[in-house]
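First the structure, in the form of structure tokens, and then the observations on it.
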Amino acid sequence: MSKTSSGTLYRGHEGMWSWVGHRVTGVVIFLYLLVHVLDTALVRVDANAYNAVISTYQTPWMALGETGLVAAILFHAFNGLRLILVDFWKQGTKYQRQMLWGVMILWVVVFAGFAIRHLSLAFGGH
Amino acid sequence: MSVTIPAPRSQRIDPKYKRGPKSRSSFEMLAWLFMRLSGVALIVLIFGHLISNLIVGDGINAISFGFVAGKWADPIWQFWDLAMLWLAMLHGTNGVRTIINDYAEKHSTRAWLKGILYVATIFIVVLGTLVIFTFDPCVAGSTLPQC
């Protein structure tokens, strides 16, 4: 890290990294959303065409992608709630670091639950 | 002896010195508020979407044309998906608009990128809305019993 960046309150710390994470996950989710509306629009064209595209979503490789997408959604959702608390709660800025750890713990727990369920379904288990 | 300070040779002017006159419009404040309100609504809508489509029953393996037809036979799911489409697209578009404003410094670059963004947004929102409202369970290729 360069000399100029040390000693600042924000740069390189939890606040900056959560901001970077929020931006990156937001863009990833938005790009997926555009594709997801287009693939769903196939239900208006041909039932078989829709089923063909959806069956590619049901392959193991895509299941890994879906798991990654849900990881991004969960982080964006929980960190978004933290942002709202930072903006609207009187003590929000004081506890923003602790709230980020809360976000990460919640994220690990919910993501683990989702990943186990989704990957066992997608890889053929129950 | 006085010190001569040479004029800066760099042509690049930091964007913070090129800002236009202060706007009296409350658009940016409303956009900020919208991100918070739609964000909370989207957590409910998207978590419900993921639970009903990926968690319960056979999860992703159950998704097919018939699954979508079954969901959209219920006006609650039609409204759910419509609200999710609109809020997610507006929330995402405003987020990307913010990112473009942050990183594209040239006015024409900003205008072009935002123009492309808004065209894509209008196309996807109109398309998605039409698909929900004109859905036909007996479209070509449908093998549902009522067809």
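Okay, here's what the table says:
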quantity: In nm, spacing of pseudo-spin labels at B:ALA7 and A:PHE88 (7 Å Cα→C-beta vector); calculated: 5.3
quantity: Cβ-placed point charges (K, R +1; D, E -1), dipole of the protein assembly as shown about Cα centre in debye, nearest 20; calculated: 1680
quantity: Averaged over B:122-131, number of beta-carbon atoms from partner chains that fall within 10 Å; calculated: 3
quantity: q = 0.13, 0.14, 0.16 Å⁻¹, the protein assembly as shown: log10 I(q)/I(0) [Debye, one scatterer per Cα]; calculated: -1.02, -1.14, -1.38
quantity: Chain B - charge dipole about Cα centre, Lys and Arg +1 at Cβ, Asp and Glu -1, debye rounded to 20; calculated: 1180
quantity: Computed Kirkwood radius, in angstrom, where 1/r is averaged over Cα pairs of region A:1-102; calculated: 16.5
quantity: Fewest-first sequence of B:THR121, A:THR59, B:THR4 by Cβ atoms within 10 Å of each Cβ; calculated: B:THR4, A:THR59, B:THR121
quantity: Order by protection proxy (mean Cβ within 10 Å, highest first), peptides A:116-123, B:63-70; calculated: B:63-70, A:116-123
quantity: Taking A:LYS90, B:LYS71 and counting other C-beta atoms within 10 Å, the order from fewest to most; calculated: A:LYS90, B:LYS71
quantity: Positive-end residue, chain B charge dipole about Cα centroid, Cβ charges, pick of B:GLY141, B:ALA104, B:PHE47; calculated: B:ALA104
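Any read-out appearing in this document is the output of simple, stated calculations on the displayed coordinates, not a laboratory observation. None of these values were measured; they are calculated from a predicted model. Glycine also receives a Cβ, built like all others from the backbone with ideal geometry; neighbour counts cover every protein chain displayed.
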